[in-house]
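Notes for the one structure printed next.
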Ligand code: TXE
């Protein structure tokens, strides 16, 4: 038995080598993967812990690259039948899964809460998002992927009927982090399944259990076709997924996103990447300070700040700074934190990854060393579990990590700015550009939002752009490439095929075909010049030119 990283990465989770202890190492049995059929042949497993109390709750197989290849080969064999079911046929299956999720919401939240250390409220938010995504894409796939009939712009192409059809990538790989174990796995798989792809999910090594349970239910309880499988493991397992699939959707850190893209370049596999963020929240002179403070508290501290679109920094203009800070301090000081048992007794849960807790500590330490002041919180909580107190920092500036690097924890740094121009300049002074929030009079706030560099901006709210499935969600700059949601959230899982159909094929040849001759070339040249020239005079001149 040994512990350490199988991938030469920093130690993230405890790895166990065979022989395995009978019945697994914890209260749950070693999770059998829906990849099934020989999964976990190496016998290596990794432990999954409950971050709220540190207990080991399961051990999960580490799939070797060969097993991942086998998993993808099986999916590839099943995918044509899934595609042939058509959009309605696929929606029927996905709809049964949705019904199962709704009926089993509490059980799923139990698993999610245990593996992530989330409070119950945050754990319970994920499943409705999945059900909504199934309905959204199930009901709109036909429209978003409808065959397009295109009228040729050139008179010379009018002899062709032009059509664009969307054809799914056979196998999509979804590689995910730990902060939303279901939304960032199944949630990103749903549009791919609706499009007709088969999907292999590589969940985070910290939180694989809820995904495994949902995919088990798809197969065993819903009886769905074998078009969704889970590959469990660490980074090497993720790399193997990249090697085998036809399209990769990745959510995670910038450094790993770069590795995924570099690896995918070797097989010319397309990727979409949703990476980190450092989302700003701007409070304008004409904002309601109390609404802005309540919004900032939720935006910065929901899920203990472990949200890609968390409020990571606040800029409040001079006129509103004091009342805003007073309200924010009052709101944050009243929040309850701990292992949420019995459920709904806490507002903030644990940090899911121990490494992330260290990053949060380092950012706060760095800020304080450079002159920041802790208004409330500021340290790791004593006792069991990985908790960091909900924290407000002031007197911050852009020399500090807390204002420039992704903190991904329950910390709200608030900076006083002269006016909105300074707020916009500072908000845009970032290598990230995922989303943002602006609080103020509606039209004023919207005009400021339009000046921000990022993939989305919420006006007088926070975080909600993720749930507006109708519009794209994706990052600018180092926050990523490509988007999820909206029409492109399903189209990206397809390749376009352009059909160029000859309307009248009764002749034996076409003007462009062999044989060439001087006369034919001149006639074609004259026609080309005539068509491309503009204005009567231009056309006549083009015709006469040789
Ligand atoms: O992500 P990683 P982690 C940020 C946050 C956090 C940081 C690290 O700042 O500190 O990311 O989180 C798999 N090829 N975000 O360590 O390492 C890995 O097993 C293929 C932002 O969890 O990027 C896991 O399943 N896959 C983010 C997934 O990639 C590889 C949300 C993500 O791991 C791989 C979470 C490789 N070479 C954290 N190496 C957001 N944007 O929402 C690892 N993986």
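The values are calculated or read from the model by the stated rules, or taken from the named source; none is laboratory data. Note that the structure is predicted; figures quoted are calculated from it, not measured. Every residue, glycine among them, receives a Cβ derived from its backbone with ideal geometry; neighbour counts consider all protein chains shown.
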Residues satisfying the stated conditions in the stretch 219-243, i.e. part of a helix (DSSP H, G or I) and either within 8 Å of the ligand (Cβ to nearest atom) or closer than 15 Å to residue 71 by Cβ (or both): 219, 235, 236, 237, 238, 239, 240, 241, 242, 243
Qualifying residue in the stretch 171-184 (condition: more than 14 Å from the ligand (Cβ to nearest atom) and either farther than 30 Å from residue 529 by Cα or within 17 Å of the chain's Cα centre (by Cα) (or both)): yes
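Conditions (1) closer than 30 Å to residue 301 by Cα; (2) not in a loop (DSSP other than H, G, I, E, B), marked per residue:
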| residue | (1), (2) |
| --- | --- |
| 454 | yes, no |
| 465 | yes, yes |
| 500 | no, yes |
| 511 | no, no |
| 524 | no, yes |
| 527 | no, yes |
| 541 | no, yes |
Residue match in the stretch 320-336 (condition: away from the ligand (no atom under 14 Å from the Cβ), modelled with pLDDT of 95 or more and in a strand (DSSP E or B)): no
Failed item in (1) farther than 19 Å from residue 283 by Cβ; (2) in a loop (DSSP other than H, G, I, E, B), with residue 361 passing the rest: (2)
Any hit, the stretch 453-466, residues being more than 27 Å from residue 283 (Cβ to Cβ), surrounded by 13 or more Cβ atoms within 10 Å (Cβ to Cβ) and touching a strand residue (DSSP E or B) at 6+ places or on another chain (Cβ under 7 Å): no
Check on residue 445, surrounded by 22 or more Cβ atoms within 10 Å (Cβ to Cβ), farther than 14 Å from residue 311 by Cβ and over 17 Å from the mean Cα position of the chain (by Cα): yes
Selection within the stretch 318-337 - over 21 Å from residue 284 (Cα atoms) and either buried (at least 21 other Cβ atoms within 10 Å of the Cβ) or touching a strand residue (DSSP E or B) at 6+ places or on another chain (Cβ under 8 Å) (or both): 333, 335, 336, 337
Close pairs from the stretch 240-257: first farther than 15 Å from residue 179 by Cβ and free of Cβ contacts under 8 Å to residues at least 60 places away in the same chain, partner part of a loop (DSSP other than H, G, I, E, B) and within 8 Å of the ligand (Cβ to nearest atom), Cβ under 6 Å, at least 6 apart: none
Conditions (1) touching a helix residue (DSSP H, G or I) at 6+ places or on another chain (Cβ under 8 Å); (2) surrounded by fewer than 16 Cβ atoms within 10 Å (Cβ to Cβ); (3) modelled with pLDDT of 95 or more; number of the one not met by residue 100: (2)
Verdict on residue 486 being buried (at least 17 other Cβ atoms within 10 Å of the Cβ), in a loop (DSSP other than H, G, I, E, B) and free of Cβ contacts under 8 Å to residues at least 40 places away in the same chain: yes
Residue in the stretch 267-276 that is farther than 23 Å from residue 398 by Cα and touching a helix residue (DSSP H, G or I) at 6+ places or on another chain (Cβ under 6 Å) present: yes
Subset of the stretch 191-217 [away from the ligand (no atom under 16 Å from the Cβ), buried (at least 24 other Cβ atoms within 10 Å of the Cβ) and assigned to a helix (DSSP H, G or I)]: 191, 192, 193, 194, 195, 214
Yes/no for residue 277 being assigned to a loop (DSSP other than H, G, I, E, B), near the ligand (Cβ under 7 Å from one of its atoms), modelled with pLDDT of 95 or more and in contact with a strand residue (DSSP E or B) (Cβ under 7 Å, 6 or more places away or on another chain): yes
Index of the failed condition, residue 425 passing every other in (1) over 25 Å from the mean Cα position of the chain (by Cα); (2) part of a loop (DSSP other than H, G, I, E, B); (3) surrounded by fewer than 17 Cβ atoms within 10 Å (Cβ to Cβ): (2)
Every pair of residues 6+ apart whose Cβ atoms lie under 8 Å, when the first sits in the stretch 75-86 and is more than 16 Å from residue 215 (Cβ to Cβ) while the second is modelled with pLDDT under 95 and exposed (fewer than 15 other Cβ atoms within 10 Å of the Cβ): none
Residues that are over 22 Å from the mean Cα position of the chain (by Cα), surrounded by fewer than 19 Cβ atoms within 10 Å (Cβ to Cβ) and outside any loop (DSSP other than H, G, I, E, B), drawn from the stretch 339-358: 358
Residue among 90, 167 that alone is in contact (Cβ under 8 Å) with a residue 60 or more places away in the chain, more than 30 Å from residue 528 (Cβ to Cβ) and surrounded by fewer than 21 Cβ atoms within 10 Å (Cβ to Cβ): 167
Test: residue 19 is in contact with a helix residue (DSSP H, G or I) (Cβ under 9 Å, 6 or more places away or on another chain), in a loop (DSSP other than H, G, I, E, B) and at pLDDT 50 or above: no
Tabulated pairs, the stretch 373-399, first touching a residue at least 40 places away in the same chain (Cβ under 8 Å) and at positive phi, second surrounded by 17 or more Cβ atoms within 10 Å (Cβ to Cβ) and in a strand (DSSP E or B), C-beta under 6 angstrom, 6+ apart or interchain: 377/391
The lone exception for residue 263 - which of (1) within 12 Å of the ligand (Cβ to nearest atom); (2) closer than 30 Å to residue 445 by Cβ; (3) in a helix (DSSP H, G or I) it fails: (2)
Some residue of the stretch 103-110 being farther than 24 Å from residue 337 by Cα, touching a helix residue (DSSP H, G or I) at 6+ places or on another chain (Cβ under 8 Å) and outside any helix (DSSP H, G or I): yes
Residue tally, condition more than 9 Å from the ligand (Cβ to nearest atom) and more than 15 Å from the chain's Cα centre (by Cα), over the stretch 246-257: 1
Filter result for residue 180 (in contact with a helix residue (DSSP H, G or I) (Cβ under 8 Å, 6 or more places away or on another chain), in a strand (DSSP E or B) and buried (at least 24 other Cβ atoms within 10 Å of the Cβ)): no
